[in-house]
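The values are calculated or read from the model by the stated rules, or taken from the named source; none is laboratory data. This one's a predicted model, so the numbers in the text were calculated from it and none came from an experiment. Glycine gets a Cβ as well: all are built from the backbone with ideal geometry, and neighbour counts include every protein chain shown.
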Amino acid sequence: MDFKPLGKRITIEAKRQDEKMGSGLFIPESIRKYDGRVKVIAIGDHPDIKVKPGDTVVIDLGYARNVFPDNNTLFIMEYDNVWGIVEEKEE
C-alpha cells in the first residue's frame, strides 16, 4: 500500500522491543512495548519538515495513531511531535 501523508504529518514504522531480554528471558508478544525510536517511512509536503524517509527519530508514541488496520507497526503523526533525529556515528 502506498500512502502519502499531507501537511506536517509523517508516517513512521515502530519496532517492538526485542523478544529476548539480556538475561535470556523471553518476553511474550502481548506485553512487548514499542521503543521510542522509529523509522520515518513517508513525509508530508510541508516545507518545515526536516526529516526524510529512512531517518530514525525519537518520539513519544502517545502522539502516533495507527490508521493502518492491516499493519500494526505503521503509524501516522504530526511532525511537531518528533523530538529529534538519531544520527549513527561511523567508526
Those residues of segment 53-91 which are assigned to a loop (DSSP other than H, G, I, E, B) and surrounded by fewer than 10 Cβ atoms within 10 Å (Cβ to Cβ), in sequence order: Gly54, Pro69, Asp70, Glu87, Glu88, Lys89, Glu90, Glu91
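Which residue is nearest to the chain's Cα centre (by Cα), if the candidates are limited to segment 38-52 and must be loosely packed, with under 13 Cβ neighbours inside 10 Å and charged (D, E, K, R)?
Quick first cut of segment 38-52, residues loosely packed, with under 13 Cβ neighbours inside 10 Å only: 45, 47-48, 50, 52.
Those left that are additionally charged (D, E, K, R): 45, 48, 50, 52.
Working: Asp45: 18, Asp48: 19, Lys50: 15, Lys52: 12 Å.
Of everything passing the filter in segment 38-52, Lys52 is nearest to the chain's Cα centre (by Cα).
Look through segment 13-46, keep the residues that are hydroxyl-bearing (Ser, Thr, Tyr) and at pLDDT 65 or above, and return whichever of them is farthest from Asp2 (Cα to Cα). Full working, then the answer.
Step one: list which residues in segment 13-46 are hydroxyl-bearing (Ser, Thr, Tyr), which gives 23, 30, 34.
Next, from what is left, pick out any that are at pLDDT 65 or above: 23, 34.
Values: Ser23: 40, Tyr34: 23 Å.
For segment 13-46, the residue satisfying everything is Ser23.
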